[in-house]
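Visitor: Pasting a structure below so you can have a look.
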Amino acid sequence: MVVLQTCGSLMADGDPGIVSEKPSEGRSVKVEAGYMVPYRMKIPGTDVSFEMVPIPGGEFLMGSPDSEASRDESEGPQRRFHVDPFWMGRYEVRWNEYKQYMELYAAFKKFRELNIRRVTDENSVDVVTSPTPLYDPTFTFEFGEDPMQPAITVSQYAAKQYTKWLSAITGQQHRLPTEAEWEYACRAGTTTAYSYGDDPSKLGDYAWFVKNTEDSGTKLTGAKQPNPWGLFDMHGNAAEWVLDAYAPYEATDRVLNAATDWVRPTQLNPRVVRGGTWEFGAAQCRSASRYPSDYSAWRETDPNFPKSPWWFTDDPGRGVGFRIIRPLKEVSREQMEEFWKVDVDETMYEVDERIETGRGVQGIVDKDLPAAIEKLED
């Protein structure tokens, strides 16, 4: 059972996604500041938009019951979580969005050549790296690069850097969901194996997954039916990063907090991806299904040394993307760094080595960045 609730907002008036009166149609979520509603936002400095939908606060049981068909042992024991309201991307982050982030590489290089917007010890907290140009674009884009397809082959580090960049230029706090937040949004108030029920034979109405060879590769987002809260492709298409390390669930009678009681990674592997991919079977696309990362296997044919911290070269890593959330209740900048930071030395080494040898680049992200890039293009 999902218990809906209201929650106070720390956001100022006029922020996107909040209206004072209940809309006459469409989904909305009652909160102290008014009503959370779906909204569309342009990425500053571009004509590319992304859509966010409101997710109500409440409580739910995370994981699957012993009686669920195809259940994996890693999905239990079930635990109860409290979830605060947030907005979540209606779709997985798509190539038209992600390529705006990829283009930072050329802009940051130019800033360095012109000796402007320099990175210093004082502003290092505002720094992100941009993905290096693809070693073999035809391989990465084998299954297509249509603007409406989900961006894939993306590492968790790259996904977190994307959310930090987007937060800086929009002034809104974006991040990856925790594992509990992701499953709560996927279930959308249901307790069944999938957000529509228990019958895997109906999954084709909601998901791109392994059924036949015609379904190979990611597909355009939004082509299937959404879940009850208006989220598309939560089952199948691209798998989605969450913040957590992949670890056994610990039994507890305590009600956990989805935004704070997540498993912080202390090593590169394994981390959790959710939702299944186009090359997974129906069982791996269930709401409770979890999949562990394996960076060694997912970068096995990467010819670089060290391996790229941004891109994967091998399946199923080539089917991994991500979806963003924006919590209703804002937190301090220091707390946001917990969601964005490089969390293991191995990734830090890979990033630093790329930058030191000129194969990577970093730059400052803030609200002035889009205007600075536009000035470069004049």
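The values are calculated or read from the model by the stated rules, or taken from the named source; none is laboratory data. Just so it is clear, the model here is predicted, and its values are computed rather than measured. Methodologically, a virtual Cβ is constructed for each residue, glycine included, from the backbone with ideal geometry; neighbour enumeration extends over all protein chains shown. Just so you know, the surface numbers come from the protein's heavy atoms only, side chains and all, with ligands and any DNA or RNA stripped out. Shrake-Rupley method; radii C 1.70, N 1.55, O 1.52, S 1.80 Å.
Visitor: Using the Cα centre of the chain as origin and beta-carbon charges of +1 (Lys, Arg) and -1 (Asp, Glu), tell me which of TRP241, TRP165, PHE280 is placed farthest towards the positive end of the dipole.
Guide: TRP165
Visitor: Expected output is a single nm value to one decimal: the length gained when fully extending between THR192 and VAL19, i.e. 0.36 nm times separation in residues minus the C-alpha distance. What is it?
Guide: Length gained between THR192 and VAL19: 59.0 nm.
Visitor: For volume of the Cα convex hull per residue in Å³, the listed values are (i) 151; (ii) 142; (iii) 118; which was obtained by calculation from the structure presented?
Guide: Matching entry in (i) 151; (ii) 142; (iii) 118: (ii).
Visitor: Can you tell me the accessible area per residue over the stretch 124-213, all protein chains present, probe 1.4 angstrom, in square angstrom? Please report the intermediate quantities before stating the final value.
Guide: Numbers: 2900 Å² over 90 residues.
Per residue, the stretch 124-213 has 32 Å² of solvent-accessible surface.
Visitor: What does the extension gain come out to for ILE355 and GLU330, with contour length at 0.36 nm per residue minus their alpha carbon separation?
Guide: 5.8 nm
Visitor: May I pose another question? Hey, can you grab everything whose amide H is under 5 Å from the amide H of LEU243? Only 5+ residues off in sequence or another chain; H modelled, so Pro and N-termini drop out.
Guide: THR178, GLU179
Visitor: Also, quick follow-up: Report, by chain and number, residues whose modeled amide H sits under 5 Å from the one on HIS82, excluding near sequence neighbours (fewer than 5 apart, same chain).
Guide: It is LEU256, ASN257, ALA258, by chain and number.
Visitor: Another question, if that's okay. Taking H as built 1.01 Å from N, whose amide H comes closer than 5 Å to the amide H of ARG271, not counting residues under 5 places away?
Guide: Long-range HN contacts for ARG271: TYR246, SER293.
Visitor: By how many nm would the segment from THR138 to LYS211 lengthen if fully extended, with 0.36 nm per residue of separation less the alpha-carbon distance?
Guide: 23.8 nm
Visitor: Roughly how many nanometres apart are two label points built 7 Å out from the Cα toward the Cβ at ASP368 and VAL125?
Guide: Those two pseudo-labels are separated by 1.7 nm.
Visitor: Set the Förster distance to 35 Å, then compute FRET efficiency between LEU376 and ASP315 from the Cβ-Cβ distance, nearest 0.05.
Guide: 0.40
Visitor: Using 7 Å Cα-to-Cβ label points, what is the ASN115/LYS341 separation (nm, one decimal)?
Guide: Spacing of the two 7 Å Cα→Cβ label points: 3.4 nm.
Visitor: Suppose every K and R has +1 on its Cβ and every D and E has -1 on its Cβ; what is the size of the dipole of the chain about the Cα centre, in Debye to the nearest 20?
Guide: With only Lys, Arg, Asp and Glu charged at Cβ, the dipole is about 620 debye.
Visitor: Moving on. Per-residue ellipticity at 222 nm for the chain, helices alone: DSSP H runs ≥ 4 residues times -39500 (n - 2.57), over residue total, nearest 500 deg cm²/dmol?
Guide: Here the helix-only value at 222 nm equals -6000 deg cm²/dmol.
Visitor: Follow-up question, since we're still on this one. R0 = 22 Å: FRET efficiency of ASP261 with GLN78, Cβ-based, nearest 0.05?
Guide: Step by step, r from the Cβ atoms, then E = 0.90.
Visitor: Given a 1.4 angstrom probe, I'd like the percentage of the accessible area of the chain that is carbon and sulfur, rounded to a whole number. Numbers along the way, then the final one.
Guide: Working: 7830 of 16080 Å².
It is 49 percent, rounded to a whole number.
Visitor: So if I place +1 on the C-beta of Lys and Arg and -1 on the C-beta of Asp and Glu, and nothing else carries charge, what would the dipole magnitude of the stretch 220-261 be about its Cα centre? I want it in debye, nearest 20.
Guide: With only Lys, Arg, Asp and Glu charged at Cβ, the dipole is about 200 debye.
Visitor: Need the C-alpha centroid separation for the stretch 149-203 versus the stretch 223-237, integer Å.
Guide: 11
Visitor: Could you derive backbone 3J(HN,Hα) for the stretch 306-315 from the dihedral phi with the Karplus parameters 6.51, -1.76 and 1.60 (θ = phi - 60°), listing whole Hz in sequence and x where the residue is Gly or Pro?
Guide: x, 4, 5, x, 9, 10, 9, 10, 10, 6
Visitor: Report the Cα centroid-to-centroid distance between the stretch 312-378 and the stretch 259-307 in angstrom, as an integer.
Guide: About 18 Å separates the Cα centre of the stretch 312-378 from the one of the stretch 259-307.
Visitor: If you don't mind, another one. Between THR301 and GLU250, what FRET efficiency comes out of the Förster formula 1/(1 + (r/R0)^6) with R0 = 41 Å and r the beta carbon distance, rounded to 0.05?
Guide: 0.65
Visitor: Right, next: Please list, in order along the stretch 245-262, the HN-Hα scalar couplings obtained from phi with the Karplus expression 6.51 cos²θ - 1.76 cosθ + 1.60 (θ = phi - 60°), rounded to whole Hz, x for Gly and Pro.
Guide: Along the stretch 245-262, the couplings run 6, 7, 8, x, 5, 9, 5, 7, 8, 6, 7, 8, 9, 5, 8, 10, 8, 10 Hz.
Visitor: Could I ask something else about it? If you plug each phi of the stretch 128-138 into the Karplus form 6.51 cos²θ - 1.76 cosθ + 1.60 with θ = phi - 60°, what whole-Hz ³J(HN,Hα) values come out, in order, with x for Gly and Pro?
Guide: Whole-Hz 3J(HN,Hα) from phi for the stretch 128-138: 10, 9, 9, x, 5, x, 5, 5, 9, x, 5.
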